[in-house]
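Undergrad: Structure incoming, see below.
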Amino acid sequence: LMSPNAEAVKANSAAIEANSAQISKIWESYAKTVMTPQEALLADTFAKARATYLEQGLKPAVEAMRADDIPQLATLVQDTIPALFEKSRGTGKELIQLQINVAEAEYEAAQARYSTIMTISIVSIILGVAFAWGLGLTLI
């Protein structure tokens, strides 16, 4: 990024824009899902941090690269982009950890439900067999 020639600028800027578009599409799909209140808050915080990262970091860097403004590009790549990235990355990690915690809680609830249903089923079978045995004895 720091020593761009025409081909490198074109390739790098196209790659950055394609990746940003792909991530935006994935994020939009995720944002439409049902979320817990805490997850919605973290998702909103992440979306804002990512928007700031794109608007104040990546897009100006691509513009500086295309304009061959190496001092501006250097400032963005060395100072601005890492700070903005870390902010969005930190929120993203919190969001991922929350999703892991929610998934773990849902898994444990499903396991408890399974155990309850299994116990009820076994008891029902035993009671059914005992009833059938008792009924059979009365018929003999």
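Undergrad: Can you compute the modelled spin-label distance between residue 21 and residue 113, with each label point 7 Å from Cα toward Cβ, in nm?
TA: 4.1
Undergrad: What do you get for GluC sites (Glu not before Pro) in the range 1-44 restricted to DSSP loop and a cutoff of at most 15 other Cβ within 10 Å of the site's Cβ?
TA: none
Undergrad: How much of the accessible area of the range 1-110, in percent, comes from carbon and sulfur atoms when a 1.4 Å probe is used?
TA: 59
Undergrad: What net charge is computed for the residues neighbouring residue 91, neighbours being all others with C-beta under 9 Å from the C-beta of residue 91, Lys and Arg scored +1, Asp and Glu -1?
TA: Here the count lands on +4.
Undergrad: Using the charge dipole of the chain (Lys, Arg: +1 at Cβ; Asp, Glu: -1 at Cβ; taken about the Cα centre), state which of 95, 107, 22 has its Cα farthest towards the positive end.
TA: Projecting each Cα onto the dipole axis, the largest value belongs to 107.
Undergrad: Which lysines does residue 93 reach when only Cα atoms under 30 Å apart count, and residues fewer than 8 places away in its own chain are ignored?
TA: Straight-distance partners of residue 93: 25, 32, 48, 59.
Undergrad: Just how many % of Cα pairs in the chain lie over 19 Å apart, if you round to the nearest whole percent?
TA: 68
Undergrad: Please work out the average accessible area per residue across the range 1-131, using the 1.4 Å probe convention, and give it in Å².
TA: With the other protein chains kept in place, the range 1-131 gives 69 Å² per residue.
Undergrad: Among 9, 41, 65, whose Cα projects farthest towards the positive end of the dipole of the range 1-93, with charges put on the beta-carbon of Lys, Arg (+1) and Asp, Glu (-1)?
TA: 41
Undergrad: Further, regarding this structure: Scan the range 15-123 for trypsin sites (Lys or Arg not before Pro) in coil per DSSP, keeping those whose Cβ has at most 12 other Cβ atoms within 10 Å, and list them by number.
TA: 32
Undergrad: Here is a follow-up. Go ahead and estimate [θ] at 222 nm for the chain from helices alone: -39,500 (n - 2.57) per DSSP H run with n ≥ 4, summed, over the residue count, rounded to 500.
TA: Helices in the chain give a 222 nm mean residue ellipticity of -29000 deg cm²/dmol.
Undergrad: If you place +1 on the Cβ of every Lys and Arg, -1 on the Cβ of every Asp and Glu, and leave all else neutral, what size is the dipole of the chain about its Cα centre, to the nearest 20 Debye?
TA: That gives the chain a dipole magnitude of about 320 debye.
Undergrad: Highest mean first, how do 103-112, 54-63 rank when packing is the count of other Cβ atoms within 10 Å averaged over residues?
TA: The peptides rank, most packed first, as 54-63, 103-112.
The values are calculated or read from the model by the stated rules, or taken from the named source; none is laboratory data. A quick note: this is a predicted structure, and the numbers were derived from the prediction, not measured. Reconstructed Cβ throughout: ideal geometry from the backbone, glycine too, with neighbour counts over all protein chains shown. Heavy atoms of the whole protein, side chains included, go into the accessibility calculation; ligands, DNA and RNA do not. Shrake-Rupley method; radii C 1.70, N 1.55, O 1.52, S 1.80 Å.
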